[in-house]
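The values are calculated or read from the model by the stated rules, or taken from the named source; none is laboratory data. Treat the numbers as computed from the prediction; the structure is a model and nothing was measured. For neighbour counting, all protein chains shown are included, and Cβ atoms are generated from backbone atoms with ideal geometry for every residue, glycine included. Quick note on the areas: whole protein, heavy atoms, side chains included, nothing else; ligands and nucleic acids left out. Shrake-Rupley method; radii C 1.70, N 1.55, O 1.52, S 1.80 Å.
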There are 4 protein chains.
Amino acid sequence: MSKTNRNSAILLMHCHDQKGIVADVTEFINNNEGNIITLDEHVDRLDKVFYMRIEWELDGFLIPQEKISDFFGTLIAAKYNMQWNIYFSDQKPRMAIFVSKLSHCLYDILSRVHAGEWDVDIPLIISNHRDLEPVSKQFGIPFHLIEINEGNKDEMEKTEMELLKANQVTFVVLARYMQVLSESFINQYPNRIINIHHSFLPAFPGAKPYHSAYERGVKIIGATSHYVTSDLDAGPIIDQDVVRITHRDSIDRLIMKGKDVEKLVLSRAILMHLQRRILVYNNRTVVFN
Amino acid sequence: MSKTNRNSAILLMHCHDQKGIVADVTEFINNNEGNIITLDEHVDRLDKVFYMRIEWELDGFLIPQEKISDFFGTLIAAKYNMQWNIYFSDQKPRMAIFVSKLSHCLYDILSRVHAGEWDVDIPLIISNHRDLEPVSKQFGIPFHLIEINEGNKDEMEKTEMELLKANQVTFVVLARYMQVLSESFINQYPNRIINIHHSFLPAFPGAKPYHSAYERGVKIIGATSHYVTSDLDAGPIIDQDVVRITHRDSIDRLIMKGKDVEKLVLSRAILMHLQRRILVYNNRTVVFN
Amino acid sequence: MSKTNRNSAILLMHCHDQKGIVADVTEFINNNEGNIITLDEHVDRLDKVFYMRIEWELDGFLIPQEKISDFFGTLIAAKYNMQWNIYFSDQKPRMAIFVSKLSHCLYDILSRVHAGEWDVDIPLIISNHRDLEPVSKQFGIPFHLIEINEGNKDEMEKTEMELLKANQVTFVVLARYMQVLSESFINQYPNRIINIHHSFLPAFPGAKPYHSAYERGVKIIGATSHYVTSDLDAGPIIDQDVVRITHRDSIDRLIMKGKDVEKLVLSRAILMHLQRRILVYNNRTVVFN
Amino acid sequence: MSKTNRNSAILLMHCHDQKGIVADVTEFINNNEGNIITLDEHVDRLDKVFYMRIEWELDGFLIPQEKISDFFGTLIAAKYNMQWNIYFSDQKPRMAIFVSKLSHCLYDILSRVHAGEWDVDIPLIISNHRDLEPVSKQFGIPFHLIEINEGNKDEMEKTEMELLKANQVTFVVLARYMQVLSESFINQYPNRIINIHHSFLPAFPGAKPYHSAYERGVKIIGATSHYVTSDLDAGPIIDQDVVRITHRDSIDRLIMKGKDVEKLVLSRAILMHLQRRILVYNNRTVVFN
């Protein structure tokens, strides 16, 4: 991933659907000698919203990197009243990981980064328990114990936010972090906090979904990665997957089978986020995969 | 299916888990010169319930078919205080199909029966609309229009129950039948009415699940076949399956993709029921597949 | 499908990747007052091939329908040396179905057409056996028995080709047709003959794949829909799917489970073909789904 | 897993199918005050082979653990001419892992063991490259570099076998080990060497399966875990799984998506092996799951 995306720009945009957007945007890039790598567009015909992701090589692009944003905003985005973001592949995202006691998602993430599968920096891991400090040490990543309880939540979250800022964190991953974040925390990172919920949402939101799944007698369990909003387990869904179970599976086996789905679904969501493939509108995602 | 199961008996049983059940049941069959075809057992260690399905060839079995039930009940079942049923493969099940306007499940069922895939009789199709009468005619199956409205439900259900009895129906399939059955109707056919719900239960129960799925922005949709209980969409689940969707799928495409899952999940449930592979306990199923 | 696509044009094109194609094509449509419904493009960066599918509404389009092809070819396609096709949604495809003895795929197709799920005409069914004549009759479609044997293949295929021409057939579906078509027949319908093979190709090509799968002890079986080329079971793959099996599944059960996958995978391929979503290049498909 | 299986015995057996086996075996356990935890049996009706896995608690069992094997062999197994093995949950399996350069499977295995998910000892990791020595160190497991080349294979394998014996290894996992083992090595560990092959066998055996899959244009890729036999990539299959791909997936993305399937399919196979759920007969497996 890192090599092919080097020196490229990615534009994510959405706006009311109108004629001519694709032509205008592609001309803007072509006329300035940019070579388009991928273009994905989608029109939500129900809500009449136009979405696009476009990536082009910056080598030889006539507009200097630091001026692209200004030029695009003035020449194109204003005309169509777009909501948009631009990303450059030489600006590596910085991810903070929040964990509690379970290691499977954390290991899956760290082993991918260690193998060079993803292009991301992980400046810190935050937890409300000491259990996973040894895993952080295995990978040489600073571990911060921030023990949240009913009385100190505001203060502890303030500490967390300071840590995130000090480390220039661009997005947060809750890798089976068992605390609910406050609205003010969430508002600092809109569509930039990714959670993994251990059920096939909207089935079994909240605590102990595997116990509920066992109780209900479902034949398939799942996991859901989503952006965190102030509405618990109700944010925009990024990815979901499932695994078949039978009457032979005890709750312990549901938990074990579920972990395999959780870590996969979370890691796939992180990759989509890192590759700037996700657009959010109306609490739903467009994932250009 | 029909040929290999000819002249066989199937016992389904469950009881409090105790030592010696398997040995006693298999000895009962062996000592009487029965040849066991399949034996499946399961112990729910949480609730301490023992489940078993055992099938044996009747050719050469020393106890005459009409006395097996009495002998087994007296010699074995009483000892362990079992809940049990015995089925003989020469007694063909008789299935009534209830439909409304959508044909996909009905076609899937009828084409399987027509191809000899299942060993079942279909004496009648009941509907509250005329739409699928032509399909019934294509396959030469009597079609009964029973138009239910708010005022006549008791009376119409009485007519339906009389039809089922007159046709010696042993179980009912709701193939996208859009009416809710009354409790008294359901009680006539405990664990013998199979419904298909067009969502991955417990997500999106009730009406218009595809619209709700679109609204919520899920990435996977599904279908659920279950036995009908008086608690709407909450009966014991027999089978479930899913299909992946993306932001490109409109509600119409969700409905179309969903239909393929619905007909498959319903037909698989019917097959499991026909083959006597389903045990129900505590609103959950054991499906010996 | 039929309603939303009415009065629309679909362009499928591929050519050597060059700058400016998307801008030029979208401008061609926009400048002539066409409203783009969907645009999908893909660049094969290994082979440097550009693929695009674009669909737009014809209501209000300034170029008359019968002249679009000429104008696009002259103004755009020539410039980029494109391979391209244009389709209009008011020109309904005409599908011939070839079958042998198994009914599951045929029923799945006919029940979809009967329910209005697809926008297609089926002027005839051709078979080398009488077995499925009753199914054709159920749906009122002319059935032609063409008994091919080792000695008469050339002559019988000539009869078939005449029938296809007389019925203005635009594409052919082999719905578990057990004969191998000659190269000269295939060449009449390049990328317009869809076959379903009952294995997960390239595993188990040729005859009796379920027996081979059982013998090999695989844990998953599958089906593959592909365009027919003169190289047996080696044409461009359109869709594949699988189903999990266990040691409990006899060959008969493999066949039964496999049928469910076959009919689904074939019907999905037909839909993609009907909706002009498939591009073929280098014996592979791009399916804009 | 470790807790519930403590102090239990597991019998795996197969023999020509005969009447009375289940009754005899369960009576043997019941009469000696053993409490059966699970019983799974399967009859291959084509080859007339009977398979069974039975697990019972040893607390209170009248026959001392060290004599069970002798008693069962004499009293039951001889009568039916069984092939059988007995395992005790207090005898922890010892697994050697062979790797080359890719870390994803190794990390998946080690993180599960580290989290206590599996009950196994890993006395050593063997590799023909230094690349994964740091991963071994992270988890404190001795790493042995054994550089095999064309000239020294016999000698190096001798060293490996000595290491395995010195470490009382009971089974070997090839976690993307890129060397072919000799027949004499394989014969030391019949059905005790688990390999992961990065394709959906029998499709794409041998080297570079993802390149072949891309070339062929398949729509689904997979991975296969199997016991190693002297016939390359043709041993008894334990588990397989797949992931859907599209024309948008480059070879690099096939490799990345494939890795997720590989590690999952390998880890599931190891778990089945650890839990003594696998029986092999005629180059196929029975996996009592």
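Points to keep in mind about this one:
- The numbered conditions (1) within 18 Å of the chain's Cα centre (by Cα); (2) at negative phi are all true for A:Gly151 except (1).
- Per this entry, B:Ile29 is counted among residues that are free of Cβ contacts under 8 Å to residues at least 60 places away in the same chain, part of a helix (DSSP H, G or I), facing another protein chain (nearest Cβ under 10 Å) and more than 30 Å from A:Tyr214 (Cβ to Cβ).
- Any chance B:Lys19 is at the interface with another protein chain (Cβ under 8 Å from one of its Cβ atoms) and free of Cβ contacts under 8 Å to residues at least 60 places away in the same chain: yes
- Among the residues listed as C:Ala175, C:Ala223, C:Ala207, the single one being within 30 Å of D:His226 (Cβ to Cβ) and touching a Phe, Trp or Tyr at 6+ places or on another chain (Cβ under 9 Å): C:Ala223
- Residues satisfying the stated conditions in segment D:226-254, i.e. among the polar types (S, T, N, Q) and open to solvent by 50 Å² or more (accessible area, probe 1.4 Å): D:Ser230, D:Thr246, D:Ser250
- Considering residues of segment B:86-103 that are among the polar types (S, T, N, Q) and more than 30 Å from B:Pro64 (Cβ to Cβ) only, the residue nearest to the other protein chains (Cβ to nearest Cβ): B:Ser103
- Within segment C:85-96, no residue that is surrounded by fewer than 16 Cβ atoms within 10 Å (Cβ to Cβ) sits with its Cβ atom under 6 Å from a residue that is at pLDDT 95 or above and aromatic (Phe, Trp, Tyr) at 6+ positions apart or across chains.
- The single condition among (1) under 30 Å from A:His247 (Cβ atoms); (2) assigned to a loop (DSSP other than H, G, I, E, B); (3) within 14 Å of chain B (Cβ to nearest Cβ) that A:Ala207 does not satisfy is (3).
- Note on segment D:122-136: residues that are open to solvent by 50 Å² or more (accessible area, probe 1.4 Å), within 14 Å of chain A (Cβ to nearest Cβ) and either at pLDDT below 95 or in a loop (DSSP other than H, G, I, E, B) (or both) amount to 1.
- Residue in segment C:137-160 that is among the hydrophobic types (A, V, I, L, M, F, W, C), open to solvent by 40 Å² or more (accessible area, probe 1.4 Å), closer than 19 Å to C:Ser103 by Cβ and in contact (Cβ under 8 Å) with a residue 40 or more places away in the chain present: no
- Condition met for B:Phe61 (surrounded by 17 or more Cβ atoms within 10 Å (Cβ to Cβ), more than 30 Å from B:Ile141 (Cβ to Cβ), away from chain C (no Cβ under 14 Å) and more than 22 Å from the chain's Cα centre (by Cα)): yes
- C:Ile76 closer than 28 Å to A:Asn31 by Cβ and open to solvent by less than 20 Å² (accessible area, probe 1.4 Å): yes
- Condition check for D:Asn283: within 11 Å of chain C (Cβ to nearest Cβ), open to solvent by 10 Å² or more (accessible area, probe 1.4 Å) and modelled with pLDDT under 95: no
- Test: residue in segment D:255-276 that is facing chain C (nearest Cβ under 9 Å) and open to solvent by less than 40 Å² (accessible area, probe 1.4 Å): no
- Evaluation of D:Val113 against (1) within 14 Å of another protein chain (Cβ to nearest Cβ); (2) open to solvent by 50 Å² or more (accessible area, probe 1.4 Å); (3) of a type in the set (A, V, I, L, M) (one fails), failing number: (2)
- Some residue of segment B:239-255 being under 15 Å from the mean Cα position of the chain (by Cα) and touching a residue at least 40 places away in the same chain (Cβ under 8 Å): yes
- Of all the numbered requirements in (1) within 10 Å of chain D (Cβ to nearest Cβ); (2) surrounded by fewer than 18 Cβ atoms within 10 Å (Cβ to Cβ), A:Leu106 misses one, and that requirement is (2).
- Verdict on B:Leu46 being within 11 Å of another protein chain (Cβ to nearest Cβ) and crowded, with 18+ Cβ neighbours inside 10 Å: no
- Test: residue in segment C:25-33 that is of a type in the set (D, E, K, R), surrounded by 18 or more Cβ atoms within 10 Å (Cβ to Cβ) and over 24 Å from the mean Cα position of the chain (by Cα): yes
- Scanning segment D:214-254 for residues that are in contact with a helix residue (DSSP H, G or I) (Cβ under 8 Å, 6 or more places away or on another chain), more than 9 Å from every other protein chain (Cβ to nearest Cβ) and of a type in the set (A, V, I, L, M, F, W, C) returns D:Ile221, D:Ala223, D:Val228, D:Val243, D:Ile245, D:Leu254.
- In segment A:184-198, residue farthest from the other protein chains (Cβ to nearest Cβ) [restricted to those that are closer than 12 Å to A:Val172 by Cα and open to solvent by 40 Å² or more (accessible area, probe 1.4 Å)]: A:Gln188
- Test set (1) assigned to a loop (DSSP other than H, G, I, E, B); (2) open to solvent by 10 Å² or more (accessible area, probe 1.4 Å) - B:Leu201 fails condition number: (2)
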